[in-house]
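Data first, discussion second: the structure below is written as structure tokens.
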Amino acid sequence: MHSSGEVSAMEKSPDVTDCSPSESEGEKLSVQARKRIVAKSLLSQGMNSAENLDPPVIAVLGSGGGLRAMIAFLGTLSKLSELKLLDVVTYVSGTSGSTWCMASLYNNEKWSDFSCMEEMERQLYGRLQSTWDWDKSWEKLEKAFLEEIHSLTDLWAYVVVYWMTNEIHERNLSNHKDGCENGVNPYPIYSAIEKAEGTWFEFTPHLCGFPAYKCFVKTEFLGSKFEAGRLLKKQPEKDLSYLNGLWGSALSSDDLIREITEKFWGSAPSSNNLFHDFIKKIFHELMSSKPKGTSEEPNPISGQKTTFARGQTCSCRGCINIECRLAHDLTGKSEEYKKKFWKDFAKDLEEAKEITPETEKDTLSLISGTCNTSTVIRNIAVCLAEWKWGTTNNFLYKWKSNIPLSSKEHISLVDAGLDINIAFPLMLPPHRNIDLILSFDFSEGDPFETLRKTAEQFPFPKINIEDKDEKIPSKSCYIFEGDGDGIPDVMYFPLFNNQTCEGKVDEMREKYATIHTSYDESQVKDLLEVSKSNVEKNYTQIREKIKQCVQRCNLRRAGEAAAYGLSSTRGTVEEKSKDN
């Protein structure tokens with residue numbers, strides 16, 4: 001069954017597939033190291049965590065919201081760092097656009113230091129205005145679509161998300177272990193859901209998996225081929241650019257595509273029609289004679305800036321086939337017609353592979369086969385016809401019969417914001433013992449939808465929102481009290497609110513709508529300032545809530561210690577510091 005001796009040896013390793021613990025040893029190590037730093041910071045700020053008892057566990061969460069969320073989460077974390085509040089945070093978790101911010105931050109092993117945050121803000125201004133490198137984009141795209149497993153997530157990641165963020169990440173998520181295990185930074189948790197089941201999936205530098213099933217795989221093995229918990233074929237770990245595309249793949253939802261395209265064109269073309277136009281633009285770019293480094297890149301979504309230049313096309317049969325096929329207009333065609341169009345397109349390109357000068361009946365023709373370009377376009381067409389997003393090998397394949405996904409050889413991981421736009425489900429499991437959540441919502445629509453959805457599905461504080469705040473929040477911070485025994489307190493910060501935006505919430509929502517895929521320098525600066533203001537205006541409230549958590553933690557954990565017969569005569573960290 002296994003031809004590779006190397007794989008057979010790896011199978012015997014007990015930690016290749018880890019499907020039992022709900023918390024990895026790497027996370028435990030990182031969190032314990034972080035707690036020591038948190039305790040020292042609390043002491044320096046006059047909040048005394050009792051000696052030999054853990055400080056409260058505080059988590060900062062960022063919602064989805066595309067480029068808006070990426071920028072706003074950077075401003076939020078930067079202000080928390082400046083005010084020394086980030087120093088007492090144990091976890092940082094993101095959904096969709098917020099993960100794009102996190103992926104950049106964690107490439108710096110000391111990112112939570114305010115001087116680093118300032119530098120990242122300066123870099124952001126320049127990066128978002130820099131020239132998109134199509135050659136780099138194609139290099140990544142070609143490699144991805146010549147692999148055995150691929151999906152529209154690769155296209156989204158290496159073209160659209162790259163175009164929006166002007167950032168390609170060559171590193172992997174597992175590379176972030178070093179910046180976590182020493183406790184210098186809060187521990188990162190990224191989110192997705194499995195598309196078919198809607199089950200939440202978490203990514204950390206150590207393990208990735210399904211908390212609901214308590215099934216995980218080491219991060220560097222995500223995407224490798226498993227069967228019954230045994231490694232069959234090791235695959236290279238996906239880079240962070242791909243994961244950015246996966247974490248922020250809300251476009252995998254037909255409903256969202258219709259909403260976006262309706263705003264662009266005044267009608268609601270189907271996903272197939274939108275991507276038909278998109279693929280046409282990509283192919284023309286590949287075949288173009290446009291010089292490298294041109295400053296006129298088209299918007300990969302709307303194409304509003306310029307038209308692709310057309311140069312000499314490749315002479316292979318595949319490319320000629322593509323030119324003919326992409327001349328078709330799918331506007332007004334039925335969904336069934338469009339799906340058949342892409343399936344036939346892919347079939348024609350597959351058949352073209354088999355044609356060579358030797359098998360070509362027309363001896364005057366030197367046209368033959370398919371090149372890598374047409375193979376890539378063919379594979380994109382297949383993914384489009386099947387609407388494949390986030391396809392990856394399922395490490396749970398044939399693992400346990402009582403797990404719903406165990407019968408599937410592949411799973412599809414997509415944007416968690418399609419379920420709940422903030423990763424509350426990943427922060428509420430008991431093993432993380434969260435005492436306080438600082439939740440920053442960068443959504444464009446209903447500012448309280450994520451809270452209601454979470455409360456419907458998970459143990460959560462009671463949500464009381466006044467009628468006057470339903471559509472437009474009047475405050476920059478809302479506090480929802482937990483029960484002090486498993487349900488954390490939640491401080492909730494809607495990005496656009498009347499307090500911070502001075503009554504101009506609708507204007508700000510329009511200015512920073514999710515469909516806007518680029519911002520100029522002044523817009524970036526203003527958005528950073530709004531997000532920072534939401535933190536600064538509530539500095540006193542945040543500190544007061546942290547103090548309450550410290551006091552509650554000291555009492556609760558002292559009680560736990562007494563229950564186990566441990567000494568109750570414990571001094572505070574501050575008292576011990578004075579003695580020394």
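Summary table
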{"quantity": "Residue within region 495-516 that is within 30 Å of Lys388 (Cα to Cα), without any contact (Cβ under 8 Å) to a residue 24 or more places away in the chain, in the same structural domain as Pro56 (by TED's automatic domain parsing) and surrounded by fewer than 20 Cβ atoms within 10 Å (Cβ to Cβ) present", "calculated": "no"}
{"quantity": "Which listed residue is over 17 Å from Ile189 (Cα atoms) and polar (S, T, N, Q), from Ser96, Ser104, Ser81", "calculated": "Ser81"}
{"quantity": "Subset tally (residues that are within 26 Å of Ser412 (Cβ to Cβ) and polar (S, T, N, Q)) for region 122-165", "calculated": "4"}
{"quantity": "Selection count, region 446-472, where residues are under 16 Å from Leu495 (Cβ atoms) and outside any loop (DSSP other than H, G, I, E, B)", "calculated": "4"}
{"quantity": "All positions within region 70-104 that are more than 18 Å from Ile168 (Cα to Cα) and of a type in the set (A, V, I, L, M, F, W, C)", "calculated": "Ala72, Phe73, Leu77, Leu80, Leu83, Leu85, Leu86, Val88, Val89, Val92"}
{"quantity": "Inter-residue pairs, beta-carbon under 9 Å, first under 17 Å from Leu231 (Cβ atoms) and in region 388-408, second among the acidic types (Asp, Glu), 6+ apart", "calculated": "Asn393/Glu409; Asn394/Glu409; Tyr397/Glu227; Tyr397/Glu409; Lys398/Glu227; Lys398/Glu409; Trp399/Glu227"}
{"quantity": "Qualifying residue in region 186-206 (condition: buried (at least 24 other Cβ atoms within 10 Å of the Cβ), more than 16 Å from the chain's Cα centre (by Cα), under 26 Å from Arg127 (Cβ atoms) and at pLDDT 95 or above)", "calculated": "yes"}
{"quantity": "Flag if Phe493 is touching a Pro at 6+ places or on another chain (Cβ under 7 Å) and at pLDDT 95 or above", "calculated": "no"}
{"quantity": "Per-region count, region 101-154, residues over 30 Å from Ile377 (Cα atoms) and aromatic (Phe, Trp, Tyr)", "calculated": "4"}
{"quantity": "Test for Ala212: is it surrounded by fewer than 20 Cβ atoms within 10 Å (Cβ to Cβ) and hydrophobic (A, V, I, L, M, F, W, C)", "calculated": "yes"}
{"quantity": "Residue in region 414-434 that is among the aromatic types (Phe, Trp, Tyr), part of a helix (DSSP H, G or I) and within 23 Å of Trp247 (Cβ to Cβ) present", "calculated": "yes"}
{"quantity": "Enumeration of residues in region 448-489 that are within 18 Å of Leu428 (Cβ to Cβ) and at pLDDT below 90", "calculated": "Asp483, Gly484, Asp485, Gly486"}
{"quantity": "Odd one out for Tyr158, checked against (1) assigned by TED's automatic domain parsing to the domain that holds Pro188; (2) of a type in the set (Phe, Trp, Tyr); (3) closer than 20 Å to Leu67 by Cβ", "calculated": "(1)"}
{"quantity": "Entirely in region 88-180, the helices (runs of 4 or more DSSP H) that have 2 or more residues that are modelled with pLDDT of 90 or more and either surrounded by fewer than 17 Cβ atoms within 10 Å (Cβ to Cβ) or in contact with a Lys or Arg (Cβ under 6 Å, 6 or more places away or on another chain) (or both)", "calculated": "114-129, 134-145"}
{"quantity": "Failed item in (1) within 23 Å of Asp520 (Cβ to Cβ); (2) modelled with pLDDT of 95 or more, with Ser81 passing the rest", "calculated": "(1)"}
{"quantity": "Set Ser151, Ser81, Ser115: member being over 30 Å from Glu194 (Cα atoms) and either free of Cβ contacts under 8 Å to residues at least 24 places away in the same chain or outside the structural domain of Ile58 (by TED's automatic domain parsing) (or both)", "calculated": "Ser115"}
{"quantity": "Residue check for Asp489: more than 30 Å from Val159 (Cβ to Cβ), in contact with a Gly (Cβ under 7 Å, 6 or more places away or on another chain) and of a type in the set (Asp, Glu)", "calculated": "yes"}
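The values are calculated or read from the model by the stated rules, or taken from the named source; none is laboratory data. These numbers were taken from a predicted model, which means no experiment stands behind them. Positions of Cβ are generated from backbone atoms using ideal geometry, with glycine treated the same way; all protein chains shown enter the neighbour counts.
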